[in-house]
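Since the structure comes first, as structure tokens, the remarks are kept for the end.
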Amino acid sequence: MQHALFSLLGPGVLLLAAIASMTQPARRPARSARLTEAAALFALMVAVAAAVLLALQGPGTGRAPGIAGAVLAVRLDVVSVTMQLLVTFVGWVVLRYSGTYLDGEARQGPFLAWMATTLAAVLLLVQASSLVLLVLAWVATSLALHRLLLFYPDRIEAVRAARKKFIVARLGDAALIGACILLFLGYDTVEIPAILSAAQAGVMPAGTGTAAALLAVAAILKSAQFPTHGWLTEVMETPTPVSALLHAGVINAGGFLLIRFADVLLLAPGVLAGLLMIGGFTALLGGLAMLAQPAVKTSLAWSTIAQMGFMIMQCGLGLFPLALLHIVAHSLYKAHAFLSSGTAVELVAAIRRPGPIAIPDAAAVARAFVLALATYMFTGLLFGLWSKSPQVIALGAILIFGVAYLLAQGLADRAPRALTRRTLLYAFAATVSYFALQGGAAWLTAGTLPAPPVPGPLEWALLVLAVSSFAVVAVAQAMFPLWSHHPAAAGLRVHLANGLYANAVFDRLVGNWAAGRSS
């Protein structure tokens with residue numbers, strides 16, 4: 001399937017546009033905005049063509065002739081094509097937005113050049129069929145992003161965030177390189193499909209468990225998981241398009257890495273358990289800290305941390321198709337949220353809020369959870385959920401706790417009837433849509449991604465812990481307005497707003513508070 005190499009046209013054109021834009025450092029460069037946007041649109045068209053080729057001919061690998069094939073080898077399958085479509089679509093929208101957002105900004109040309117370079121690196125990453133290309137693209141993505149984080153080098157906060165991200169990224173690079181070396185030594189090949197095929201057959205050479213652990217470490221560091229998540233909350237000093245660009249395969253590259261090497265990770269149940277615990281805790285912390293943030297972009301950053309934690313937890317459960325679905329859904333939603341954050345703030349500021357605020361009492365919260373569970377039972381029967389794996393059932397229960405929180409707001413005594421009706425409708429539609437998309441993702445990735453493993457005693461214990469933890473947090477969130485004026489609640493809000501101070505500890509360890517003072 002050598003013609004699969006045509007998918008390299010997307011990153012190639014983006015790199016050419018980046019070179020052209022880099023040569024236009026003046027204010028309001030004549031062609032940079034149009035050139036980079038056109039390159040991103042072309043890359044999107046290439047991704048669509050790759051999807052058509054996949055549908056017609058099935059998955060395959062294309063590699064350059066001779067020794068260059070050890071590096072330039074690309075894989076077309078459901079995972080890579082899905083990520084290509086996501087990255088190019090979000091990237092095109094962000095570059096189009098940047099042309100107006102940065103109009104008149106000094107160094108607009110170089111900024112757009114580094115944006116295009118980052119997109120090109122991500123595209124190479126998601127379609128890499130060689131361990132060598134995977135590592136090179138992984139490192140290039142981080143280095144290009146670093147230049148964007150330093151777009152305002154005179155801002156001390158931006159310098160500190162970039163320095164922290166640089167340290168975390170280099171640790172992640174080392175972990176990935178170590179994992180790839182062990183995989184190469186164990187399976188005697190740099191071709192990722194060959195490694196996955198052997199792992200799927202149960203072949204587990206010496207060092208495979210360590211390689212799986214290093215892959216998990218690289219993913220955790222890349223996707224801003226606790227306790228190295230702090231850099232993501234501090235990159236708000238960069239232009240808004242950078243925050244949106246993070247969701248075009250950059251911050252979620254950790255999840256992609258775990259999905260790509262799913263067959264290898266299934267050989268190491270202990271690693272999956274670690275991913276479940278770290279991802280679950282990060283999701284809970286991020287969700288709670290998000291509610292205590294005073295700034296909209298910081299709140300969105302904590303939301304991303306929580307969502308990445310949930311995605312890592314899904315991988316820990318062995319639900320790799322759902323993790324891929326999560327990447328797509330969250331990237332589209334969050335990129336839009338960042339790009340529209342300024343307008344949202346203006347709209348909220350212009351709205352007057354007459355009358356009392358509807359706060360759900362204990363009875364309303366109880367009704368909400370009963371109604372959510374009834375909805376879960378009905379949709380479970382509708383989609384045959386009860387015949388699926390325990391991991392899928394547990395994840396559905398966690399989703400329902402979020403639906404219950406939504407229902408509690410609509411069932412509050414002072415809530416208008418129209419709000420109650422809309423909330424009930426939205427909750428039911430969201431539940432049905434989720435399970436329909438879940439089934440679609442499982443069907444689409446069948447044969448490419450493995451099914452979840454049969455849980456053992458450890459996995460059962462972690463499933464119970466995860467479901468019960470999310471249930472407790474959902475109840476606490478729904479009940480929080482009732483005791484929010486208590487002094488203890490005020491103290492808790494401060495602790496959550498600071499993310500339990502893990503970021504401050506990390507700053508102290510790396511001496512980051514001193515960074516940027518000289519400037």
Percent carbon-and-sulfur accessible area, the chain, ignoring ligands, DNA and RNA, probe 1.4 Å: 71 percent
For Tyr333, tell me the accessible area in Å² from a 1.4 Å probe, rounded to the nearest 10. 120 Å²
Pop a pseudo-label 7 angstrom from the Cα along the beta-carbon direction at both Val48 and Glu157 and give the gap in nm to one decimal. 4.0 nm
Ratio for the stretch 44-173, C-alpha Rg to 2.2 N^0.38 Å, reads 1.21
Note on the stretch 237-293: alpha-carbon gyration tensor, axes a ≥ b ≥ c; rule is a/c under 1.5 for rounded, else prolate if a/b larger than b/c, else oblate; result oblate
Just the ratio, please: alpha-carbon radius of gyration of the stretch 398-450 over 2.2 N^0.38 Å, N its number of residues. 1.54
How much solvent-accessible surface does Lys297 expose, in Å² to the nearest 10, with a 1.4 Å probe and all protein chains in place? 40 Å²
For the stretch 364-503, would you read off the P(r) tail past 27 Å as a percentage of all alpha carbon pairs? 35 percent
Whole-Hz ³J(HN,Hα) for each residue in the stretch 14-24, computed from phi via Karplus 6.51 cos²θ - 1.76 cosθ + 1.60 with θ = phi - 60°, x for glycine and proline: what do you get? 4, 5, 5, 5, 5, 4, 5, 6, 5, 7, 10
Quick one: Kirkwood hydrodynamic radius for the stretch 193-298, alpha-carbon pairs, angstrom, one decimal? 15.4 Å
Base-10 log of normalised Debye intensity for the chain (one unit scatterer per alpha-carbon) at q = 0.05, 0.08, 0.13 Å⁻¹: -0.20, -0.52, -1.38
How do Ile177, Ile400 rank by accessible surface area computed with a 1.4 Å probe, from largest to smallest? Ile177, Ile400
Simple Cβ-charge dipole of the chain, Lys/Arg +1 and Asp/Glu -1, about Cα centre, in debye nearest 20: 1060 debye
Grab the alpha carbons of the stretch 117-188, take their convex hull, and tell me the volume per residue in Å³. 63 Å³
Could you calculate the contour length gain from Ala64 to Arg367, that is, 0.36 nm times the residue separation minus the distance between their Cα atoms, to one decimal place in nm? 103.0 nm
Computed FRET efficiency, Cβ-Cβ of His336 and Val464, R0 35 Å: what is it to the nearest 0.05? 0.45
Percentage of Cα-Cα pair distances in the stretch 30-92 greater than 15 Å, rounded to whole percent? 59 percent
Reachable lysines from Lys334, Cα under 27 Å, same-chain residues fewer than 8 places away excluded? Lys164, Lys165, Lys222, Lys297
Note: the stretch 129-274 at 37 °C, 0.692 mPa s; Kirkwood Rh on alpha carbon pairs; Stokes-Einstein D in µm²/s works out to 207 µm²/s
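The values are calculated or read from the model by the stated rules, or taken from the named source; none is laboratory data. Computed from a prediction, not measured in an experiment: that's the story for all the values here. Neighbour counts run over all protein chains shown; Cβ positions are idealised from the backbone, glycine included. In case anyone asks, the SASA skips ligands and DNA or RNA and just uses the protein heavy atoms, side chains included. Shrake-Rupley method; radii C 1.70, N 1.55, O 1.52, S 1.80 Å.
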